[in-house]
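All remarks here apply to the structure that follows.
The values are calculated or read from the model by the stated rules, or taken from the named source; none is laboratory data. None of these values were measured; they are calculated from a predicted model. FYI the Cβ positions are ideal-geometry reconstructions off the backbone, even for glycines, and counts take in every protein chain you see.
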Amino acid sequence: MTRTQKVGSPPTTELILREAARLFSSKGFHGTSTREIADAVGIRQPSLFHHFPSKHAIAEALFQYDYDRSPGLQLRPELPDATPPVRLFQITRREVLVELTSAYDLRGLYLSALMDDPEFAHWRATYEQSLSAAGDLIREGIKTGDFVDKDPTMAVEILDALVNQAVRWAPRHRDLSLPDEAAEMALRLVIKRPSRIPAIRREADRLLVAAGTPWPEEIALATQTR
């Protein structure tokens with residue numbers, strides 16, 4: 001047990017990630033020292049290095065945490081056989097939910113130039129691949145006649161902005177109706193017939209139930225009562 005850790009408190013590794021993420025968001029990755037992280041956790045600097053060999057390793061762990069929770073970053077759509085509108089709706093609301101419910105403040109990772117650092121170039125590549133996949137999905141929807149025939153570049157940029165807004169909101173604003181609102185907004189950017197959106201949402205819910213991974217009930221209730 002650390003010098004300030006109490007019975008029932010989170011494990012030291014989790015505390016390090018939490019405090020490091022908070023400091024990265026407020027001071028920037030390069031403006032934060034490992035000594036500051038150790039002080040925030042209530043441990044000595046050598047103890048921090050027992051859990052993470054470097055500040056870079058802490059940031060890597062935070063990126064990995066987000067990746068492990070994100071079907072979009074993994075290029076693993078939840079409903080791969082659904083129509084393009086249903087897939088776009090689901091991937092948008094899932095990614096917004098992932099960021100809204102993050103255990104850590106990830107603004108220092110995604111709302112900064114950190115991924116432009118050479119040491120994090122692999123995460124930049126992963127992120128760009130997810131945006132490219134979103135563009136491919138919109139192009140597929142254009143071919144099927146579901147989406148308007150326009151360059152998807154702007155729609156992808158707005159979709160990216162919606163997810164980044166969830167990163168901004170996450171530390172203090174976890175309205176469970178936001179994932180569905182964001183997904184509807186994303187669809188309205190590209191769909192030919194906006195009147196289809198309620199049916200698209202119902203189809204996404206139905207397919208998730210059929211796959212054994214229903215959309216969380218508390219989120220569905222929040223959306224219905226907004």
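Counting only residues that are surrounded by fewer than 17 Cβ atoms within 10 Å (Cβ to Cβ), among the hydrophobic types (A, V, I, L, M, F, W, C) and in contact (Cβ under 8 Å) with a residue 24 or more places away in the chain, segment 198-215 holds 1 of them. All of (1) modelled with pLDDT under 95; (2) more than 28 Å from LEU23 (Cα to Cα) hold for SER102 with one exception: (2).
Suppose the filter is over 26 Å from ARG18 (Cα atoms) and surrounded by 15 or more Cβ atoms within 10 Å (Cβ to Cβ); does PHE120 pass it? Judged against the criteria, PHE120 is not a match.
Specify the residue that is farthest from the chain's Cα centre (by Cα); the eligible residues are those in segment 123-138 that are more than 16 Å from ASP66 (Cβ to Cβ) and loosely packed, with under 14 Cβ neighbours inside 10 Å.
ASP136
Is it the case that segment 75-92 has a residue that's loosely packed, with under 13 Cβ neighbours inside 10 Å, assigned by TED's automatic domain parsing to the domain that holds ALA199 and farther than 30 Å from ASP116 by Cβ? Checked segment 75-92: at least one residue is loosely packed, with under 13 Cβ neighbours inside 10 Å, assigned by TED's automatic domain parsing to the domain that holds ALA199 and farther than 30 Å from ASP116 by Cβ.
Scanning for something at pLDDT 95 or above, of a type in the set (Val, Ile, Thr) and touching an Asp or Glu at 6+ places or on another chain (Cβ under 9 Å), does segment 30-48 turn up at least one residue? Yes, segment 30-48 contains a residue that is at pLDDT 95 or above, of a type in the set (Val, Ile, Thr) and touching an Asp or Glu at 6+ places or on another chain (Cβ under 9 Å).
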